[in-house]
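The values are calculated or read from the model by the stated rules, or taken from the named source; none is laboratory data. Fair warning: this is a prediction, and the values are worked out from it, not measured in the lab. Neighbour counts run over all protein chains shown; Cβ positions are idealised from the backbone, glycine included.
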Amino acid sequence: MSLLSVRGIVKTFPGVRALDGVDFDVEPGEVHCLLGQNGAGKSTLIKVLAGAHRPDEGEITWQGEPVALPSPVAALKIGIATMYQELDLVPGLSVADNIFLGRERASLGFTRIGESRGLAAKLLARLGHPEITPSTEVGTLSAAGQQLVSMARALAHDAKLLVMDEPTAALAGEEVDNLFRIVGELTAEGVAIVYISHRLEELRRIGHRVTVLKDGRTVATDLDAKRTPTSELVRLMAGRKVETVFGPRHEEHIDHRTEVLEVDGLGVAGEFEDISFTVHAGEVVGLAGLVGSGRSELLETIFGARRPSAGSVAVDGKTIRAGSVSAAVKAGIGLAPEERKSQGLLLDLPVVHNVTLASLGRYAKFGFTDRSRELDDAGESLRRLDLRPADPKRIIRTLSGGNQQKAVLARWLVRGCRVLLLDEPTRGVDVGARAELYRLISELAATGVAIVLVSSEIPEVLGLSDRVLVLREGRVLATRPSADLTEAEVLDVILEGSAA
């Protein structure tokens, strides 16, 4: 008997049929992988399972009995816990408080803090991280640490089914291995996992079966996670054959006479030190390294979001004021951050306001905003980037991850930036949308934009970049043309610290 069975699930939002008849089953102790392009319905389906959305049609069966899931509390009560990609933790509360949020250990109206922290410590030890103390404020933890807290919360609810949405997106190699160890232990105890990831190699490692969604429908289910060819999975997701190609890089697009960005001896205490490099007009420079190597912190410092302890940043030969985002934007620097939803977008505003956010001054006159011009400029950029739907008035939260990323890029097109900093530009983006983003990055470089790219996927860094800097523990250990590097050589520098 299946632990969970869904049949004919339909969910409609105004103007969108997000789910159009989804069927799949989950067995106790299995890892059932859910695949699909952005916009295929995965997020809506897991929200239905989590009790956040009520389906319009269809049936959900739990341990052989039909159930209704009117709220997240109802889902947790029967044993369904969900770990979202954007973790739903309260940063200002302690680890223990987050783990037992809504199920506080109390007696006579008082919270039993000692009991909560003791149980939290046991859960964290079970997950292999006893060094995370229950009294620690969650907001001070790394992304990996926060994810472990989210998992501990699921275990505290005695979950029989754990839904994991892109759980490795912010994790480094050893952290991924630890996560997979935990998944193996949970499934050995009979816990079922619904696992969502765009990294197909992960499905091979831990998955048992695969279900593929497309346009809100189940197009295939009960596929063998280890034996189904990647080409078949991609075909099912896209409805066509898709080849993930980076496209040719044209040396003639690089103007070696024009140094657009110059980073000289830049450092931030405790993060990275003495980093120097230049980026020419039309050049893509990739930064490779593990999470914690200083990659993202370097981009944030160039953008003025962090104040350097040493060094300088110049655009077109002019040094910009350190630690000032406004000065960086004025100089022509744009940033597409790693956490686009929390750091790069105003999710409840229309696309147009997100796109023109960095250029509001050009639309304001005598205290009034020229909405018509704002819409025209945003619409032109969205059409250029092939955003779907190309509706500037649509609330940006309703777009897929790939299209949200396009909206962030459109912001800097409108601004006319000279330097574009891209931090994990394809994180959480499906294989079809990735190919489009790869094309856009190459096209932007061809127009003379200087691009600095961070990605955890080494083939992506090598495929998109003209030159690669390899970082380890806050230092640049190698700088080479991408054509002269292999994935194995980059990994050797990252893992062993040997210069390439």
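A few comments on the model shown:
- Residue list for the stretch 2-19, filter: part of a loop (DSSP other than H, G, I, E, B) and surrounded by fewer than 22 Cβ atoms within 10 Å (Cβ to Cβ): S2, P14, G15
- Extreme residue, modelled with the lowest pLDDT, among residues of the stretch 470-482 that are buried (at least 19 other Cβ atoms within 10 Å of the Cβ) and either under 21 Å from F246 (Cβ atoms) or in contact with a Ser or Thr (Cβ under 6 Å, 6 or more places away or on another chain) (or both): R472
- Cβ-Cβ under 8 Å pairs, at least 6 apart or on other chains, the stretch 347-365 side within 10 Å of A378 (Cβ to Cβ) and assigned by TED's automatic domain parsing to the domain that holds Q404, far side in a helix (DSSP H, G or I) and aromatic (F, W, Y): T356/Y363
- For the stretch 24-39, the set of residues classified as buried (at least 24 other Cβ atoms within 10 Å of the Cβ) and of a type in the set (G, A, S) consists of G36, G39, listed by residue number.
- Number of positions in the stretch 444-478 that are over 19 Å from V408 (Cβ atoms) and polar (S, T, N, Q): 1
- Residue in the stretch 384-395 that is in the same structural domain as D484 (by TED's automatic domain parsing) and modelled with pLDDT of 90 or more present: yes
- The condition (being in contact with a Gly (Cβ under 6 Å, 6 or more places away or on another chain) and farther than 30 Å from G36 by Cβ) is satisfied by just one residue among G474, G416: G474.
- Residues in the stretch 182-227 that are over 15 Å from S2 (Cβ atoms), of a type in the set (K, R) and touching a residue at least 24 places away in the same chain (Cβ under 8 Å): R199, R205, K214, R217.
- Note on the stretch 151-164: among residues that are of a type outside the set (K, R) and surrounded by 22 or more Cβ atoms within 10 Å (Cβ to Cβ), the one that is nearest to S5 (Cα to Cα) is L161.
- Screening V212, V234 for residues that are part of a strand (DSSP E or B) and either touching a Cys at 6+ places or on another chain (Cβ under 9 Å) or crowded, with 16+ Cβ neighbours inside 10 Å (or both) leaves exactly one candidate, V212.
- Verdict on R467 being surrounded by fewer than 23 Cβ atoms within 10 Å (Cβ to Cβ) and in contact with a strand residue (DSSP E or B) (Cβ under 7 Å, 6 or more places away or on another chain): yes
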